[in-house]
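For reference, the structure discussed in these notes is given below.
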Amino acid sequence: MHAQESAKKFRIGFLDTGQSVAVPKLLTDLGYIDGQNAVFEHRASQAQPERAAEMAADLVQRKVDVMVAFTNVNAFAAKQATSTIPTSSGLRTAHSPQVSCPAWRTRPAT
C-alpha cells in the first residue's frame with residue numbers, strides 16, 4: 001500500500017537515544033515524504049527512562065499518528081504514554097541504519 005494523495009500530513013514520531021536517526025527508506029518507498037505528506041518528529045531520550053517518558057509525552061501532546069521507539073527504554077515509555085496512538089519498536093544495527101518495522105506497511109488511521 002502506498003501513501004495516498006491527501007491534504008493531511010501524517011505525523012510520525014521517532015523516539016531514539018539521541019544518535020542520528022535515519023528515516024527509513026521504506027517510508028519513502030511507501031510515499032511518506034517529510035514536509036509533503038508527512039511530518040517527522042524526532043525526540044531524543046539519551047537512554048534515560050525519565051527523559052524517555054518526557055519525550056514520549058511530548059510526542060503524544062503533538063498528536064502524532066504513529067510513534068516509533070528505538071531501544072527497550074523508549075518502547076516502554078511510548079507504551080506508557082499512550083493507549084490510543086499506535087506504537088512500534090524499530091531495530092537498528094551497526095550494519096543497517098534502516099528500520100525494519102511492520103507498522104510502516106499500513107497507513108495510520110485518520
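Read-outs throughout are calculated quantities, based only on the coordinates presented, and are distinct from any laboratory measurement. It should be emphasised that the depicted structure is a prediction, and the values quoted were computed from it without experimental measurement.
Could you give the length gained by full extension between Asp58 and Asn72, i.e. 0.36 nm per residue of separation minus their alpha carbon distance, to one decimal place?
Answer, rounded to one decimal: 3.2 nm.
Once you have the Cα-Cα distance between Lys9 and Gln36, take 0.36 nm times their residue separation minus that, and quote the gain in nm to one decimal.
Stretched fully, the Lys9-Gln36 segment lengthens by 9.0 nm.
Provide the gained length on full extension for the span Thr84 to Asp29, in nm with one decimal, where the gain is 0.36 nm per separating residue minus the Cα-Cα distance.
Result: 17.2 nm gained on full extension.
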